[in-house]
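The values are calculated or read from the model by the stated rules, or taken from the named source; none is laboratory data. Remember, it's a predicted structure, so these values are computed and weren't measured experimentally. Counting neighbours? That spans all protein chains shown, and the Cβs are built from the backbone with ideal geometry, glycine included.
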């Protein structure tokens with residue numbers, strides 16, 4: 001299937017591993033000019049070279065940026081003044097008791113998880129409207145709807161992303177620009193894989209048993225009763241980037257294995 005995005009330029013924030021990496025790789029496979037992002041230039045460049053080898057697409061480069069630092073964001077925008085596709089994927093999370101979440105913690109999570117996408121969209125979105133084509137996607141989470149009690153500050157930022165995305169979508173009327181959110185559920189990224197490995201060793205259980213226990217006791221409402229793969233998330237995201245998804249705008253698309261029980 002031709003997604004009609006070959007030659008477009010995409011920035012995928014937080015793309016040296018996990019869901020961001022999978023999205024960047026699939027976009028590169030589609031012939032998109034991809035900009036990889038991470039906090040370390042060395043790591044970012046290494047991943048860009050890896051993807052060139054794996055996809056055969058030479059149009060991949062890396063720009064390092066810590067989205068908690070405004071000066072680094074300004075530097076990224078100077079190096080990359082325009083994009084056709086913006087994937088606001090970068091994010092941080094940390095389980096923490098509510099009473100222990102300081103004001104500094106709240107501000108840090110808001111700065112990285114929400115304002116990163118706001119700051120980039122503020123520059124790229126008007127240019128997309130001018131050229132009458134563009135895609136902005138916020139990688140939110142099922143935690144935006146089902147706020148985790150162990151990290152309320154994280155859930156708050158994911159809900160805020162939905163509001164920003166929907167608001168921007170309202171500004172795209174009668175254009176070929178779309179803004180959507182994607183809500184992954186529990187996903188087998190590098191971090192989760194390491195967590196499962198550690199539990200498997202400490203509990204002397206197979207990884208399959210650990211995964212089964214997790215969904216039986218921690219996420220019992222999941223319909224698929226397993227972790228999604230990063231590729232499964234990327235498949236949806238890249239489809240939304242395509243011209244085939246031109247009628248999908250202002251939507252919050254779930255890729256959470258049926259974990260959320262609501263019908264909308």
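Tabulated results
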{"item": "Near pairs, Cβ below 6 angstrom, 6+ apart or cross-chain, from segment 45-70 (on the phi < 0 side of the Ramachandran plot) to any residue that is surrounded by 19 or more Cβ atoms within 10 Å (Cβ to Cβ) and in a loop (DSSP other than H, G, I, E, B)", "result": "47/16; 67/90"}
{"item": "Residue 73 under 20 Å from the mean Cα position of the chain (by Cα), on the phi < 0 side of the Ramachandran plot and assigned to a strand (DSSP E or B)", "result": "no"}
{"item": "Leading residue by the ranking (surrounded by the fewest Cβ atoms within 10 Å (Cβ to Cβ)) among those in segment 197-223 that are under 10 Å from residue 186 (Cβ atoms) and without any contact (Cβ under 8 Å) to a residue 40 or more places away in the chain", "result": "218"}
{"item": "Long-range neighbours under 8 Å by Cβ, at least six apart or interchain, first residue surrounded by fewer than 24 Cβ atoms within 10 Å (Cβ to Cβ) within segment 20-36, second in a strand (DSSP E or B)", "result": "33/9; 33/10; 33/60"}
{"item": "Filter pass, residue 86 being within 19 Å of the chain's Cα centre (by Cα), in a helix (DSSP H, G or I) and modelled with pLDDT of 95 or more", "result": "no"}
{"item": "Single residue of segment 56-74 satisfying the filter (over 19 Å from residue 114 (Cα atoms) and in contact with a strand residue (DSSP E or B) (Cβ under 9 Å, 6 or more places away or on another chain)) that is surrounded by the fewest Cβ atoms within 10 Å (Cβ to Cβ)", "result": "59"}
{"item": "Residue within segment 90-113 that is touching a helix residue (DSSP H, G or I) at 6+ places or on another chain (Cβ under 7 Å), closer than 20 Å to residue 248 by Cα, at pLDDT 95 or above and crowded, with 19+ Cβ neighbours inside 10 Å present", "result": "no"}
{"item": "Test for residue 254: is it under 19 Å from the mean Cα position of the chain (by Cα) and not in a helix (DSSP H, G or I)", "result": "yes"}
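Yes/no per residue for (1) outside any helix (DSSP H, G or I); (2) touching a strand residue (DSSP E or B) at 6+ places or on another chain (Cβ under 8 Å):
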site: 109; (1), (2): no, no
site: 119; (1), (2): no, no
site: 125; (1), (2): no, yes
site: 149; (1), (2): yes, no
site: 154; (1), (2): no, no
site: 166; (1), (2): no, yes
site: 174; (1), (2): yes, no
site: 180; (1), (2): yes, yes
